[in-house]
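S.K.: Quick one: the structure is below, questions incoming.
The values are calculated or read from the model by the stated rules, or taken from the named source; none is laboratory data. Every value quoted in this text rests on a predicted model; they were computed, and no experiment measured them. Using ideal geometry, Cβ is built from the backbone for each residue, glycine included, and neighbour counts are taken over all protein chains shown. With ligands, DNA and RNA removed, areas are computed over all heavy atoms of the protein, side chains included. Shrake-Rupley method; radii C 1.70, N 1.55, O 1.52, S 1.80 Å.
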Amino acid sequence: MITFWQQEKDKLVQRSESELNPDLNKWVDARSVTREDIRILEEDYNIEQEHILDILDQDELSRIEREDDYTLIILRLPVFIPDNDISYFTVPLGIILYPGTVITICWTDCEVLKDIAENRIRDLTLSDFPAFIVRILSRSDTTFLRYLKEINRRSATIQSQLERSIRNNELILLLNLEKSLVFFTTSLKSNQILFEKISKTRIINLDEEDKDWLEDVAIDNRQAIEMADTYSNILSGMMDAFASVISNNLNIVMKRLTVISLILMVPTFIVSFFGMNVPLPFMKSGWTGVIVISLLCLVTGFIAKLTFSDRPDPSIRPKKRRKENKRG
């Protein structure tokens, strides 16, 4: 869907194409684009089809190019969709600069574009396109940092649940969060290269204030990269720890099953031996056979109890010895 925006009294106002003021700069917002939207962008704004396809490619990295008629910027933005298996991921946002017109193209909706349309970004102006772009970059980094903190809180909550009971659902959630951190790290590093290219080249004419703002944005972006790397390492270590716990629990279960099978082998051997037309002992002794079999069952149960009973903690013994030494 394509919408048109112009600025009135420091606020963005949505207008139809016929109501646009030709004397004011405009923002053409193309979100969740369809084939008809692609046709309009190609025919009405002379955007090359190759560039549109690059913007709609989910794996496209950040870059900046200058063409004959316009300047193309591709930026990676964070997206949060609760219903997806991977709730946190990134998408490319295409920004195309014409004289008097800025066009943004994205194959889905995201929070940064909503903030722009709902006038939640301070000092946002369409009269200065370089400053407009820098504000978008700044908002993107802020959203990245907030989503990273949310991912960290979610992983901590899932960890507390796994400590009580290890289930597949929580492990899958941790795996999806780890994938989100990988997506964020890759996109943030790609954006960092874009920031450096914007600041070192003259593709976009930035004034001193915009350059200072862009340096602050680059610092925030580096901080987000470090946070994503740290959270990713913590999550990887957590996954390895739970994998070790699962393996240890499996070893304990297999050990107990082995002991049970060994205990059951003795009565099974006896029953199998005397089941081959062999006279049973104590056949004519009355209750003596019942007593002997009962004693064997009690001995087997006692051995099983000793086998499966928890062993005392060896760390308790030195404490008792210390107390005895003090009394002595």
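S.K.: Need pairs with beta-carbon distance below 8 Å; first residue within 16 Å of residue 90 (Cβ to Cβ) and within region 219-248, second among the hydrophobic types (A, V, I, L, M, F, W, C) and open to solvent by 60 Å² or more (accessible area, probe 1.4 Å); sequence gap 6+ or separate chains.
M.R.: Correct list of pairs: 232/182.
S.K.: On to the next question. Which condition number in (1) open to solvent by 70 Å² or more (accessible area, probe 1.4 Å); (2) polar (S, T, N, Q); (3) modelled with pLDDT of 75 or more is the one that residue 325 fails?
M.R.: Checking residue 325 against (1) open to solvent by 70 Å² or more (accessible area, probe 1.4 Å); (2) polar (S, T, N, Q); (3) modelled with pLDDT of 75 or more, the one that fails is (3).
S.K.: For region 71-89, give me each residue that is in contact with a Ser or Thr (Cβ under 9 Å, 6 or more places away or on another chain) and not in a strand (DSSP E or B).
M.R.: Hits for region 71-89 are 81, 86, 87.
S.K.: Is there a residue in region 168-180 that is of a type in the set (Asp, Glu), in contact (Cβ under 8 Å) with a residue 40 or more places away in the chain and open to solvent by 20 Å² or more (accessible area, probe 1.4 Å)? Steps first, please.
M.R.: Filtering region 168-180 for residues of a type in the set (Asp, Glu) gives 170, 178.
From the residues that got through so far, the ones that are in contact (Cβ under 8 Å) with a residue 40 or more places away in the chain too are 178.
With the extra rule that they be open to solvent by 20 Å² or more (accessible area, probe 1.4 Å), the set shrinks to 178.
Yes, the conditions are met somewhere in region 168-180.
S.K.: Still on this structure: Among the listed residues 97, 126, which satisfies the condition of being open to solvent by 10 Å² or more (accessible area, probe 1.4 Å), hydrophobic (A, V, I, L, M, F, W, C) and in contact with a Phe, Trp or Tyr (Cβ under 7 Å, 6 or more places away or on another chain)?
M.R.: The unique qualifying residue is 97.
S.K.: Give region 21-49 a look and list any residue that's open to solvent by 60 Å² or more (accessible area, probe 1.4 Å) and in a helix (DSSP H, G or I), or say none.
M.R.: 35, 36, 39, 43, 44, 49 - these are the residues of region 21-49 that are open to solvent by 60 Å² or more (accessible area, probe 1.4 Å) and in a helix (DSSP H, G or I).
Every residue, every condition in (1) touching a residue at least 40 places away in the same chain (Cβ under 8 Å); (2) surrounded by fewer than 19 Cβ atoms within 10 Å (Cβ to Cβ); (3) more than 17 Å from residue 222 (Cβ to Cβ), yes or no:
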{"position": "142", "(1), (2), (3)": "yes, yes, no"}
{"position": "154", "(1), (2), (3)": "no, yes, yes"}
{"position": "160", "(1), (2), (3)": "no, yes, yes"}
{"position": "164", "(1), (2), (3)": "no, yes, yes"}
{"position": "187", "(1), (2), (3)": "yes, no, no"}
{"position": "205", "(1), (2), (3)": "yes, yes, yes"}
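S.K.: When you scan region 72-88, how many residues do you find that are open to solvent by 20 Å² or more (accessible area, probe 1.4 Å) and touching a residue at least 60 places away in the same chain (Cβ under 8 Å)?
M.R.: So the answer is 3.
S.K.: Quick one: is residue 190 touching a Leu at 6+ places or on another chain (Cβ under 9 Å), part of a helix (DSSP H, G or I) and farther than 17 Å from residue 28 by Cα?
M.R.: Criteria met by residue 190.
S.K.: Give region 105-145 a look and list any residue that's in a loop (DSSP other than H, G, I, E, B) and not aliphatic (A, V, I, L, M), or say none.
M.R.: Selection gives 107, 108, 109, 110, 118, 119, 120, 122, 123, 125, 127, 128.
S.K.: Name the single residue that is surrounded by the most Cβ atoms within 10 Å (Cβ to Cβ) among those in region 111-123 being within 26 Å of residue 36 (Cα to Cα) and without any contact (Cβ under 8 Å) to a residue 60 or more places away in the chain.
M.R.: Pass one, region 111-123, residues within 26 Å of residue 36 (Cα to Cα): 111-118.
From the residues that got through so far, the ones that are without any contact (Cβ under 8 Å) to a residue 60 or more places away in the chain too are 111-112, 114-115, 118.
On the way: 111: 18, 112: 25, 114: 11, 115: 17, 118: 10.
Among those that are within 26 Å of residue 36 (Cα to Cα) and without any contact (Cβ under 8 Å) to a residue 60 or more places away in the chain, it is 112.
S.K.: A further question on this structure: For region 265-281: of the residues being open to solvent by 100 Å² or more (accessible area, probe 1.4 Å) and either in contact with a helix residue (DSSP H, G or I) (Cβ under 7 Å, 6 or more places away or on another chain) or assigned to a helix (DSSP H, G or I) (or both), which is modelled with the highest pLDDT?
M.R.: In this case the residue turns out to be 265.
S.K.: Kindly indicate whether residue 231 is in contact with a Pro (Cβ under 6 Å, 6 or more places away or on another chain) and under 25 Å from residue 62 (Cα atoms).
M.R.: When the stated conditions are applied, residue 231 does not pass them.
S.K.: Another one. Run residue 13 past the list (1) without any contact (Cβ under 8 Å) to a residue 24 or more places away in the chain; (2) not in a strand (DSSP E or B) and report the number of the one that doesn't hold.
M.R.: The one condition residue 13 does not meet is (2).
S.K.: State yes or no: is residue 234 open to solvent by 80 Å² or more (accessible area, probe 1.4 Å), closer than 23 Å to residue 145 by Cα and not acidic (Asp, Glu)? Write out each step before concluding.
M.R.: Working: open to solvent by 80 Å² or more (accessible area, probe 1.4 Å): yes; closer than 23 Å to residue 145 by Cα: yes; not acidic (Asp, Glu): yes.
Considered against the rule, which asks whether it is open to solvent by 80 Å² or more (accessible area, probe 1.4 Å), closer than 23 Å to residue 145 by Cα and not acidic (Asp, Glu), residue 234 comes out as yes.
S.K.: For residue 191, only one of the following conditions fails: (1) of a type in the set (S, T, N, Q); (2) out of contact with any Phe, Trp or Tyr (no Cβ under 8 Å at 6 or more places or on another chain); (3) farther than 18 Å from residue 135 by Cβ. What is its number?
M.R.: For residue 191, the exception is condition (3).
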